Structure formats: structure tokens, C-alpha cells
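> Dumping the structure here so I can ask a few things about it.
Where a number appears in this text, it was derived from the coordinates with a stated rule and is not lab data. Only a predicted model underlies this, so the values are computations on that prediction, with no experimental measurement involved. Cβ atoms come from the backbone with ideal geometry, glycine included; neighbour counts cover every protein chain shown.
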Amino acid sequence: MKRNANAWEQVNLAGSIADLKHSHYNNTLAISALIEILIEKGVLTAEEFHMRAARLEQEDDRIATGFNNGTDVSS
């Protein structure tokens, strides 16, 4: 009986992962569409977008590194 329960847990986990992948795809598509519209309307340039994305990634890396070292880098 325990073996069947474990198999169903794995099936449920696989289904949950598939749902997350689908949600991630939909979110990525929506964000891409919004970015394209903002650039087409002249709200921002592609260069501004890329520069901001690179800056945010650097900040995330700095925070992640600080957490891994046990330091508070939230300020």
C-alpha cells in the first residue's frame, strides 16, 4: 500500500511541475508583450530596458551572495 501512495505522490508532483511550467510560460509571454508595447509606444527604449534588467540582475546577485555569506545586504 505504501508503494502505491508514493507513486501517486510522484504523479501529483509531476502534475504540479507541469502546471508551474505552463504558468511560467504564460507570465513570460505577457511580460514580453508588455515590453514590446512599451518600446513601440516610445515609453522606453530597448537599451533602457536592457540596462535596467542588467542592473536588477546585479543587485539580485549581490543580495544572494550576501545571504550565502550570512551578511545582511538588504539595505
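> Please compute P(r) over all alpha-carbon pairs of the chain, binned at 10 Å starting from zero, and give each bin as a whole-number percent.
Bins of 10 Å from zero give 16, 21, 25, 25, 11, 3, 0 percent of pairs.
> Can you give the local net charge around I39? Use residues other than it whose beta-carbon is closer than 11 angstrom to its beta-carbon, Lys and Arg +1, Asp and Glu -1. Please report the intermediate quantities before stating the final value.
Values: positive: K41; negative: E36, E40, E47, E48.
Once all neighbours under 11 Å are counted, the net charge is -3.
> Could I ask something else about it? Say the dipole of the stretch 1-44 comes from +1 at the beta carbon of Lys and Arg and -1 at that of Asp and Glu; which of I35, S23, A5 then lies farthest toward its positive end?
Looking along the dipole axis, the top candidate is A5.
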